[in-house]
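First comes the structure, then the notes that go with it.
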Amino acid sequence: MAITDARPSTAPPPDPLPRRTRRWRYRLSVALHEPTLLIGIVLTVILLYLVIAPLVAVLSDAARVQFGDQPKTGQQAGELTSYYLWRVFRSQVSSIVFWHPLLNTLIVAVGVTALALLLGGLSAFLLTRTDIAGRKWLSTALVVPYMLPSWTFALAWLALFKNERSGGQVGILEARGISTPNWLAYGAVPIIICLGMHYFPFVLLLFGNALRRLDSQLEDSARILGARRSTVLGRITLPLMLPSLSSSTLLVFGRILGTFGTPYILGLPVDFNLLSTSLFASVRNHEPGITAVIATVIVVIGVAVVVADARLLREQRRFVTVGGKGAMNRIIELGRWRWVAGGVALSIFVFSVAVPVLTLALSTVTTTPGVFSADNFTLKYWLAKSLPDAPGFPHGLLRGTELLDAAWNSLRIVGLAALICGLVGLLIGYVVVRSDGSRVATTLRQVSFLPYLVPGIAFAAAFLSLFAVRRGPVPALYGSITLLVIVLAVTHLPYASRSGISAMTQLGREPEEAAQITGAGWLTRVRTVVIPIQRGSLVTGIVLPFISGIKELSIVIMLTTTGTQLLTTLSINLIDFAYDQMANAVVLVIALVAFLATYLTQRLTRTSLASGLGG
Amino acid sequence: MTSRTRTSHRHRYLLAMGVVAALAAVGCAPSTATNSTDGTDAADAAVAGPVIDSDFDLAALTAAAKKEGAVTVYDSTGDIKKVADAFQTKYGIKTTGVKSDVGDTLEKMTREAQAKNVTIDLTLYENGPTLVGQLLPQKTVYTWIPADLADQIDEANRNPLMVLSKANVWIYNPKVFPNGCPVDNLWDLTSAEWRGKVALQDPLGKPNIIEWFNQLGSTYDAELRTAYKANSGKDLATSEASAGKEWVKQLAKNDPILTAADDDVSAAVAAPNQTEPRIGLVSIAKFRDVAGKGYKMKVCDSLKPYVGYQYPKFGAIATGTKHPNAAKLFMHFVLTAEGITPEMGSGGISGSKAVPPSSNNPPGLTDWSRQLMKFDPAKLLSDFRDAQTMQDHWRLNHR
């Protein structure tokens, strides 16, 4: 399939220099037997269209007069203009629209990354290097925060700490008579805490994996040679951990740039804006020019972080190769501190999972939040036959077919996208590793990571404009489920391609060469050799996009049309109807679906999430 | 590999990337701006007048609509589901009513029109400025008036077609203030006494509040000045262009409580366990929570010059609809008492004079024309142009 597809596209490879035809013919015949390069080129072309083109579509709005802005710019629609740049960077509102949000974004990103590294690093160390009590249970439980939609933490935070500043019902603490100051209820502090608790599992997975692979003999040797503990830590352990540290920093930092739900909920009452909320405001106000400028800045910051990370990793590469042979994983025996350590890890679980989940669960069974009297408790939001005061959803959540329909749509659409992600991710890994160092490999690796750095809403807007009309052979996909699947697959590809690349690095050429000698074609080799060996990372490459996709809101809300209700859009609709109780109930359902899907897949395939994220 | 060759490889690679990206840009990703019109001069273009079919025949329209079999309508209120159900029951046409923010509706209808893949057949649309500034001139939608009801619709409400007037009102909590509303003048809300106690939805997220701010300045300047004098005994001295802008500035500086939705405003003022003294601006639709959630709220009927404002909801049919007749029939339906009543649960005035005003007015609101400000439909286009200026005015003063 890939071969026939690829033939015509060999004409414009990313190489500006002309070559002679003879040479091309030879290359082509080699390529047919070893299609890595061909697949690489096909994948690159597809990704360039699906990743770069939408980006360019959005970003080019920054320099052209948008319809309706003619009076402001004094120019005709479509003409080149610097008006949007001026408005964002230099006008009297620039500090509100851009500079303060930029500063706030940096503060929050640094804060969240630090908190996530602290929580994740601590729990990773305890879980992999010590005999902490309840180790096995904890290593599953501490990944759960990532399965909760990130705005869950914000909702739970408000349910607890909301004060009279933001309207609506006050939170549980205020209702009990404990007043909460603004800095605690809204703004930077709660945003950092909420996002930090949401993203630390990333660090736990990556860092834990690296710690597990770390050869303790290296540390032992240093100790034998008389090095002090601090020296061992500073000269041996930390340098060895640096790649995974920088990798997790990158993943967390990148996510913060585009996260908008939590900052919006917690920032609005005190006018605390991030670049992502500023972007959201311009999307909502239908200002494509401003949207484009802010999105560009976000992408530029993201790319800068990736480049910095790549530099750091290149410096450190020689250290990484040390592991692998004769490694020994020494477990530190904590003695009676086992239980203390277990308590610490358990308290992380309590604050990052139990508290938000219970707060939400509690809110779904109370009429007026925070009032704990018998007549205030009700199951009507789950079970009632009819709820008269909300025209949009006139019965309990578990009645009727809305919830089931939405859940089925979510499973179907996100599942399909995740499956595509997993397979493409593995292919990308295959190409990148097999043609290591080639331009195709480098391009592929970087382009497949790019979606991670672009905020979902910017992507959604881009895809809307790209697929709103038919372009050559690509039909107008807007309004179709296909588009939703494609967009979800593309935006969650970074997880899968990371997992694919790291897994393929560990697989030598030998098994495939053996198959090749017996006459197996490329497809047969992939089917019978590569995929069975890579089962674990393939599963990770499917499950991670699934978890992330099932919580996805900003992309979905822009691209769904009537009739495709997903769990997340259902939740938002319920909030619109002021049925916070039922909206929270849907959030719980989302978390449950994500958890069950992960748990069952891991059980059935005997794999673990951690195995795929490394590298 | 030495670092030198690596660097040069890097540069060549970057160059190649750049070329490819540029090719992609030119080849397949035109800006969203270019495909929006076919050369028409944008917002300055006169909005095409409403279509009134001269050969209108309700029976024939009904038959044609039934043949099409389905229709989808977007509205910003959840009540649209009730209207859709009533329409489906009456005509047997599968009807989907969707509650959607005006911004999303605007974005989606525009994109669908570009894609020639229209799923939204018609909309009941609350944002007049973007209707006349974007949707109508881009021919995404058009205005259609049923010929048999045209006589009942005032000339001023025809272009664009106003289907319904709704209202936003200032409310207070009668449990906290048993002697009636604690304020009697709009300027009181900007006083130190009410600092941090006035609640409203974030104006940056609610277009009709921005439009109201603009209309305060353009249409109600004199009345605001009179009210100022009545309140303080002296003439308003301001460097702002209008009394409206001055009032907006003072309100923005008075530390108002901003919320993401007006449900939070009604909860902040009127929730059963609420004891704080507050004044809030909400849609009259929120009065359904009085029965549903035990809210304690009343319209602040002593407020001068007005207790709130009427805002129009317009009807427009997608130009590229695949169900043109069903869409027309639905438009006809919402211009009759039967069709619009579900949206007038807490009050409202139909665009058709044949439909009597709703008697479901919230307590304190008795006379819409006397108690409420009314947007001047002739100023929609200037409201569209001034929207960003007013948003900036709010932003700069609210910090």
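The values are calculated or read from the model by the stated rules, or taken from the named source; none is laboratory data. Keep in mind the model is a prediction, meaning the values are calculated, not measured. Note that we place each Cβ from the backbone using ideal geometry, even for glycine, and neighbour counts take in every protein chain shown.
So, of the residues in region A:64-90 that are buried (at least 18 other Cβ atoms within 10 Å of the Cβ) and facing another protein chain (nearest Cβ under 8 Å), which turns out to be farthest from the chain's Cα centre (by Cα)?
A:GLN70
I need a count of the residues in region A:472-523 that are hydroxyl-bearing (Ser, Thr, Tyr) and within 14 Å of chain B (Cβ to nearest Cβ).
From region A:472-523, those hydroxyl-bearing (Ser, Thr, Tyr) are A:478, A:480, A:482, A:491, A:495, A:497, A:499, A:502, A:505, A:518; that's our starting set.
Cutting the leftovers down to within 14 Å of chain B (Cβ to nearest Cβ) gives us A:478, A:480, A:482.
Final tally of qualifying residues: 3.
Okay, residues lined up against (1) within 23 Å of A:THR296 (Cβ to Cβ); (2) among the aromatic types (Phe, Trp, Tyr); (3) part of a helix (DSSP H, G or I):
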residue: A:SER91; (1), (2), (3): yes, no, no
residue: A:GLY111; (1), (2), (3): no, no, yes
residue: A:LEU119; (1), (2), (3): no, no, yes
residue: A:THR128; (1), (2), (3): no, no, yes
residue: A:ALA133; (1), (2), (3): no, no, no
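Applying the selection to region A:536-552, what residues are within 14 Å of A:ALA489 (Cα to Cα) and in contact (Cβ under 8 Å) with a residue 60 or more places away in the chain?
A:GLY541, A:ILE542, A:VAL543, A:LEU544, A:PRO545, A:PHE546, A:ILE547, A:GLY549, A:ILE550, A:LYS551, A:GLU552
Go through region A:357-395 and give me each residue that's modelled with pLDDT of 80 or more and either facing chain B (nearest Cβ under 9 Å) or in a loop (DSSP other than H, G, I, E, B) (or both).
A:THR364, A:VAL365, A:THR378, A:LEU379 - these are the residues of region A:357-395 that are modelled with pLDDT of 80 or more and either facing chain B (nearest Cβ under 9 Å) or in a loop (DSSP other than H, G, I, E, B) (or both).
Take the residues of region B:265-274 that are touching a residue at least 12 places away in the same chain (Cβ under 8 Å) and within 10 Å of another protein chain (Cβ to nearest Cβ): which is surrounded by the fewest Cβ atoms within 10 Å (Cβ to Cβ)?
Across region B:265-274, the extreme among qualifying residues is B:PRO272.
Residue-by-condition table, conditions (1) part of a helix (DSSP H, G or I); (2) of a type outside the set (Ser, Thr, Tyr); (3) in the same structural domain as A:LEU453 (by TED's automatic domain parsing):
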site: A:THR152; (1), (2), (3): yes, no, no
site: A:TRP157; (1), (2), (3): yes, yes, no
site: A:VAL170; (1), (2), (3): no, yes, no
site: A:GLY208; (1), (2), (3): yes, yes, no
site: A:LEU218; (1), (2), (3): yes, yes, no
site: A:ARG235; (1), (2), (3): yes, yes, no
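Applying the selection to region B:97-107, what residues are modelled with pLDDT under 85, touching a Ser or Thr at 6+ places or on another chain (Cβ under 7 Å) and part of a helix (DSSP H, G or I)?
Correct list: empty.
For residues in region B:53-96 being within 23 Å of A:LEU464 (Cβ to Cβ) and crowded, with 21+ Cβ neighbours inside 10 Å, which is nearest to the chain's Cα centre (by Cα)?
Across region B:53-96, the extreme among qualifying residues is B:SER76.
Read through the list (1) in a helix (DSSP H, G or I); (2) within 29 Å of A:ASN285 (Cβ to Cβ), then give the number of the only condition that B:THR238 fails.
The one condition B:THR238 does not meet is (1).
Search region A:289-311 for residues that are touching a residue at least 24 places away in the same chain (Cβ under 8 Å) and crowded, with 22+ Cβ neighbours inside 10 Å and pair each with any residue that is among the charged types (D, E, K, R) and not in a helix (DSSP H, G or I) when their beta-carbon atoms are under 7 Å apart and the residues are at least 6 apart or on different chains.
Short answer, once both residue conditions are applied: A:GLY289/A:ASP69.
Within the group A:VAL526, A:VAL487, which residue is touching a residue at least 24 places away in the same chain (Cβ under 8 Å), more than 15 Å from A:TYR430 (Cα to Cα), assigned to a helix (DSSP H, G or I) and not charged (D, E, K, R)?
Exactly one of A:VAL526, A:VAL487 is touching a residue at least 24 places away in the same chain (Cβ under 8 Å), more than 15 Å from A:TYR430 (Cα to Cα), assigned to a helix (DSSP H, G or I) and not charged (D, E, K, R), namely A:VAL487.
Checking the conditions here, which among A:LYS136, A:LYS162 is surrounded by fewer than 18 Cβ atoms within 10 Å (Cβ to Cβ) and either basic (Lys, Arg) or under 28 Å from A:ALA597 (Cβ atoms) (or both)?
When all the criteria are applied, what remains is A:LYS136.
Taking A:SER438 as the residue in question, decide whether it is of a type in the set (S, T, N, Q), surrounded by fewer than 18 Cβ atoms within 10 Å (Cβ to Cβ) and under 30 Å from A:LEU523 (Cβ atoms).
yes
Among the residues in region B:66-79, are any modelled with pLDDT under 90, assigned to a helix (DSSP H, G or I) and closer than 25 Å to A:ALA460 by Cβ?
Filtering region B:66-79 for residues modelled with pLDDT under 90 gives B:76-79.
Remaining after also requiring assigned to a helix (DSSP H, G or I): none.
Scanning region B:66-79 turns up no residue that is modelled with pLDDT under 90, assigned to a helix (DSSP H, G or I) and closer than 25 Å to A:ALA460 by Cβ.
B:THR259: polar (S, T, N, Q), facing chain A (nearest Cβ under 10 Å) and either farther than 20 Å from B:ASP85 by Cα or out of contact with any Ser or Thr (no Cβ under 6 Å at 6 or more places or on another chain) (or both), yes or no?
On the way: polar (S, T, N, Q): yes; facing chain A (nearest Cβ under 10 Å): yes; either farther than 20 Å from B:ASP85 by Cα or out of contact with any Ser or Thr (no Cβ under 6 Å at 6 or more places or on another chain) (or both): yes.
So B:THR259 passes the test.
Residues are listed down the side, and each one gets a yes or a no for (1) crowded, with 23+ Cβ neighbours inside 10 Å; (2) of a type in the set (S, T, N, Q); (3) more than 14 Å from chain A (Cβ to nearest Cβ):
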| position | (1), (2), (3) |
| --- | --- |
| B:ALA150 | no, no, yes |
| B:GLN201 | yes, yes, no |
| B:ASN214 | yes, yes, yes |
| B:SER232 | no, yes, yes |
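Does A:LEU466 meet the test of being within 22 Å of the chain's Cα centre (by Cα) and either in a helix (DSSP H, G or I) or modelled with pLDDT of 85 or more (or both)?
no
Among the listed residues B:ALA230, B:ALA243, B:ALA222, B:ALA268, identify the single one that is of a type in the set (A, V, I, L, M) and modelled with pLDDT under 90. Walk me through how you get there before you give the answer.
Numbers: B:ALA230 fails: modelled with pLDDT under 90; B:ALA243 fails: modelled with pLDDT under 90; B:ALA222 fails: modelled with pLDDT under 90.
B:ALA268 is the lone residue from the list that is of a type in the set (A, V, I, L, M) and modelled with pLDDT under 90.
Of the conditions (1) modelled with pLDDT of 85 or more; (2) within 31 Å of the chain's Cα centre (by Cα); (3) over 15 Å from A:ARG255 (Cβ atoms), A:LEU155 satisfies every one except a single condition; which number is it?
A:LEU155 satisfies every listed condition except (1).
Which condition does A:VAL469 not pass, out of (1) more than 10 Å from chain B (Cβ to nearest Cβ); (2) surrounded by fewer than 19 Cβ atoms within 10 Å (Cβ to Cβ); (3) among the hydrophobic types (A, V, I, L, M, F, W, C), if it passes all the others?
Just one mismatch for A:VAL469, condition (1).
Hand me the list of helices (runs of 4 or more DSSP H) wholly inside region B:282-382 holding 2 or more residues that are surrounded by 20 or more Cβ atoms within 10 Å (Cβ to Cβ) and either in contact with a His (Cβ under 7 Å, 6 or more places away or on another chain) or not charged (D, E, K, R) (or both). It would help to see each step written out before you state the result.
Numbers: elements: B:288-292, B:324-334, B:337-340, B:368-371.
Passing ranges, in order: B:324-334, B:337-340.
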